[in-house]
Amino acid sequence: VGFELIGSPNMALTDAHCHLYEFSESDIAAYAKSFLIAAVSDDLESSRKTLLIAKRFRSVIPCIGVHPWEVGETPISHLAEIAKLIDSHDVHCLGEIGLDKKFSSSTISRQRLFFHEFLRLAKEYQLAVNVHALGAWSEVLSLLRKYDISRAVIHWYTGPLILIDEIVELGYYISINPSCMIQKRHRRVVEYLDLRFMLTESDGPYNYRGLNLSPQMIGDVVKLIAELKNLDRNTVEEAIYRNFKHLFSA
Ligand SMILES: [Zn+2]
């Protein structure tokens, strides 16, 4: 994978979950120069955009799929279209995929239909998955286990701490969002989770309670993790870089 060629390992900040296609052209170019980015998609159209961005920047790892918030508007036939994209492009990851029982519970049965199919594809093509599991933490985890998924990141985890034991036992990662600066539930995850299973993410562009989420915040996230873990910044940065590489380069 191209990103191994970029930068020195202890200088690389990584964004494991970013809706990069939503940013302006100039922001995309600027972020791709400074960060290694796993760029997630929300539907078929944005999956195509993400693949085009990844062709231009070797620091961008494309993740394609349909977001659980979008399945209500997405024809079932798009699943086959996304399978075609996997066949015809250098795709190593599906995302943003998953289930959401908190913000879009009304479409949950359709969400399950899409998520099961994506997990089947992930298994078939040996892909990593970039997962949304808001309010559906244990169901998502049991499905990842059921489909025998080997590489996964659960993004912006705010579920029960006890489930984290199971997540790391399965060898999955959790990506830490800048919200940990103000969201107590997420900050507790930073305190509880072993650095060996931790990634950083922005989920940008998104405004969370006044935080303007973008890859530019990743440095501050690393700094806060270092403070909470009582480690020096370089140790945290290097560990997270290694985790990122392990998840996305297989
Ligand atoms: Zn997202």
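What strands (runs of 3 or more DSSP E) completely inside region 1-72 contain at least 3 residues that are at pLDDT 95 or above and not aliphatic (A, V, I, L, M)? So that I can check it myself, show each step before the final result.
Numbers: elements: 13-18, 35-39, 60-64.
By residue number, 13-18.
Scanning region 235-250 turns up no residue that is closer than 26 Å to Pro160 by Cβ, loosely packed, with under 15 Cβ neighbours inside 10 Å and out of contact with any Phe, Trp or Tyr (no Cβ under 9 Å at 6 or more places or on another chain).
Which one of Lys84, Lys101 is outside any helix (DSSP H, G or I), more than 17 Å from Asp203 (Cβ to Cβ) and not β-branched (Val, Ile, Thr)? Spell out how you get there, then give the answer.
Values: Lys84 fails: outside any helix (DSSP H, G or I).
Criteria check complete, one pass: Lys101.
Scan region 85-96 and report the pairs whose first residue is over 14 Å from Ala39 (Cα atoms) and whose second residue is at pLDDT 95 or above and assigned to a strand (DSSP E or B), with Cβ atoms within less than 6 Å and a gap of 6+ or a chain change. Pairs that qualify, where the first residue is over 14 Å from Ala39 (Cα atoms) and the partner is at pLDDT 95 or above and assigned to a strand (DSSP E or B), are Leu85/Ile64. Of all the criteria given as (1) modelled with pLDDT under 95; (2) surrounded by 14 or more Cβ atoms within 10 Å (Cβ to Cβ), the one not satisfied by Asp90 is (2). Checked against (1) hydroxyl-bearing (Ser, Thr, Tyr); (2) more than 25 Å from Glu22 (Cβ to Cβ); (3) within 16 Å of the ligand (Cβ to nearest atom), Tyr192 passes all but condition (3). For region 185-202, the criterion of being surrounded by 14 or more Cβ atoms within 10 Å (Cβ to Cβ), more than 21 Å from Ala239 (Cβ to Cβ) and either of a type outside the set (Lys, Arg) or more than 15 Å from the chain's Cα centre (by Cα) (or both) is satisfied by no residue at all. Considering only residues in region 195-209 that are in contact (Cβ under 8 Å) with a residue 60 or more places away in the chain and either in a helix (DSSP H, G or I) or of a type in the set (S, T, N, Q) (or both), the one that is farthest from the ligand (Cβ to nearest atom) turns out to be Thr200. As for region 98-111, it holds at least one residue that is under 22 Å from His186 (Cα atoms), touching a helix residue (DSSP H, G or I) at 6+ places or on another chain (Cβ under 8 Å), touching a residue at least 40 places away in the same chain (Cβ under 8 Å) and within 16 Å of the ligand (Cβ to nearest atom).
Just one residue in the set Ser104, Ser59, Ser41, Ser46 is hydroxyl-bearing (Ser, Thr, Tyr), buried (at least 24 other Cβ atoms within 10 Å of the Cβ) and in contact with a Phe, Trp or Tyr (Cβ under 9 Å, 6 or more places away or on another chain); that residue is Ser41. Only a single criterion out of (1) under 24 Å from Ile61 (Cα atoms); (2) of a type in the set (A, V, I, L, M); (3) without any contact (Cβ under 8 Å) to a residue 60 or more places away in the chain is not satisfied by Leu224, namely (1).
Does Ser77 satisfy the criteria of being farther than 27 Å from Pro160 by Cα, surrounded by fewer than 15 Cβ atoms within 10 Å (Cβ to Cβ) and more than 16 Å from the ligand (Cβ to nearest atom)? Here the answer is yes, as Ser77 does meet what is asked. Close Cβ contacts (under 6 Å, 6 or more residues apart or on different chains) running from residues in region 118-142 that are modelled with pLDDT of 95 or more and among the small types (Gly, Ala, Ser) to residues that are within 14 Å of the ligand (Cβ to nearest atom) and in a strand (DSSP E or B) comprise Ala122/Leu94; Ala122/Val129; Ala128/Cys93; Ala133/Gly98; Ala133/Ile154. Are any residues in region 162-190 assigned to a loop (DSSP other than H, G, I, E, B) and closer than 13 Å to Leu211 by Cβ, and if so, which ones? Result: Asn177, Ile182, Gln183.
The values are calculated or read from the model by the stated rules, or taken from the named source; none is laboratory data. All figures in this text were calculated on a predicted structure; none of them were measured in a lab. Cβ atoms come from the backbone with ideal geometry, glycine included; neighbour counts cover every protein chain shown.
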